[in-house]
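Peer 1: The following block contains the structure, expressed as structure tokens.
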Amino acid sequence: MRQLKFHEKKLLKKVNFLEWKREGGHRENLVMHRYHVTGRDDYKKYSSLCRMAQKLVNVLKQMDPRDPFRIEMTDLLLEKLRRLSTVLVHLKFAEHLKEAVTYIEQGHIRVGPETVTDPAFLVTRNMEDFITWVDTSKIRRKVLQYNEKLDDYDAMN
């Protein structure tokens, strides 16, 4: 290849060949790292859900604030889903998101009677009350021991 002229070099300084606008750039990696989303497919699903929610919110914003349909839809939208790992951090089951993801993957958390091992499990606000430690979890035992609520009979079984 020939040596580039000055004006060609100057023009090429403004072009980034490593990052394309269409691919989402560094935002994808930042979001995946921040929320500990393991797969790129999961990230794409979440981003499409976010886009749909944003479109719905924009439509609701344009409606009259006293419209009963708007009030009902706003309440339904607020009831919608959050990832189990973020709910665990919010409920102070874990200090950090990575720790919450680890607890879920190792099977320490249950929602209702079912043990959940998928960190991408979506939880409604009604289901938040039923999030607890699994009965056989060592972490649950340590928490109860720290709070001086450990029952010796349960510890034996």
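Peer 1: Where in segment 73-151 are there GluC sites (Glu not before Pro) that are in a DSSP coil and have at most 13 other Cβ atoms within 10 angstrom of their Cβ?
Peer 2: Counting only loop positions with at most 13 other Cβ atoms within 10 Å, the GluC sites (Glu not before Pro) in segment 73-151 are 79, 95, 148.
Peer 1: Also, quick follow-up: On a straight-distance basis, which lysines could pair with residue 138 in a cross-link, Cα separation under 16 angstrom, same-chain partners fewer than 8 positions away excluded?
Peer 2: Here the lysines satisfying the reach criterion relative to residue 138 are 149.
Peer 1: Continuing with this model, one more query. So what is the diffusion coefficient of the chain in µm² per second by Stokes-Einstein at 25 °C and 0.890 mPa s, using a Kirkwood Rh over Cα pairs?
Peer 2: Estimated via Stokes-Einstein, D reaches 125 µm²/s.
Peer 1: Looking at the chain as a GNM with Cα springs under 10 Å, which of 32, 63, 127 has the largest mean-square fluctuation?
Peer 2: 63
Peer 1: Quick one: Karplus J couplings for segment 46-63, per residue in order, coefficients 6.51, -1.76, 1.60, θ = phi - 60°, nearest Hz, x for Gly and Pro?
Peer 2: Result, ordered by residue: 5, 5, 5, 4, 5, 4, 4, 5, 5, 4, 5, 5, 5, 5, 5, 5, 6, 7 Hz.
Peer 1: Taking θ = phi - 60°, what integer Hz values does the Karplus form 6.51 cos²θ - 1.76 cosθ + 1.60 yield along segment 141-147, in sequence order, with x for Gly and Pro?
Peer 2: 4, 5, 5, 5, 5, 5, 7
Peer 1: Which value, in debye to the nearest 20, describes the size of the charge dipole of the chain about its Cα centre when Lys and Arg Cβ atoms bear +1, Asp and Glu Cβ atoms bear -1, and nothing else is charged? Let's see the in-between values first.
Peer 2: Values: 30 positive and 23 negative charges, 342 e Å.
It comes to approximately 1640 debye.
Peer 1: Which residue fluctuates most in the GNM of the chain (Cα springs below 10 Å): 86, 136, 115?
Peer 2: The residue with the greatest mean-square fluctuation here is 136.
Peer 1: How high is the relative contact order of segment 1-105, in percent, counting Cα pairs under 8 Å that sit 6 or more residues apart?
Peer 2: On the way: 33 pairs, mean separation 19.0, N = 105.
Relative contact order, segment 1-105: 18 percent.
Peer 1: Residues with beta-carbon under 14 Å from that of residue 90, excluding residue 90: net charge, scoring Lys, Arg +1 and Asp, Glu -1?
Peer 2: Within the 14 Å Cβ shell, the charges total 0.
Peer 1: Contour minus end-to-end for residue 135 and residue 106, with contour as 0.36 nm per residue of separation and end-to-end as the Cα-Cα distance?
Peer 2: 9.1 nm
Peer 1: Let me ask something else about it. Got the relative contact order for segment 55-157 handy, in percent, Cα pairs under 8 Å and 6 or more residues apart?
Peer 2: Value for segment 55-157: 21 percent.
Peer 1: Now a separate question. Which residue fluctuates the most in the chain, going by a Gaussian network model with Cα springs under 10 Å, if the choices are 84, 18, 122?
Peer 2: Ranking 84, 18, 122 by mean-square fluctuation puts 18 first.
All of the numbers you see were taken from the coordinates with simple rules; none came from a lab. Just so it is clear, the model here is predicted, and its values are computed rather than measured. Methodologically, a virtual Cβ is constructed for each residue, glycine included, from the backbone with ideal geometry; neighbour enumeration extends over all protein chains shown.
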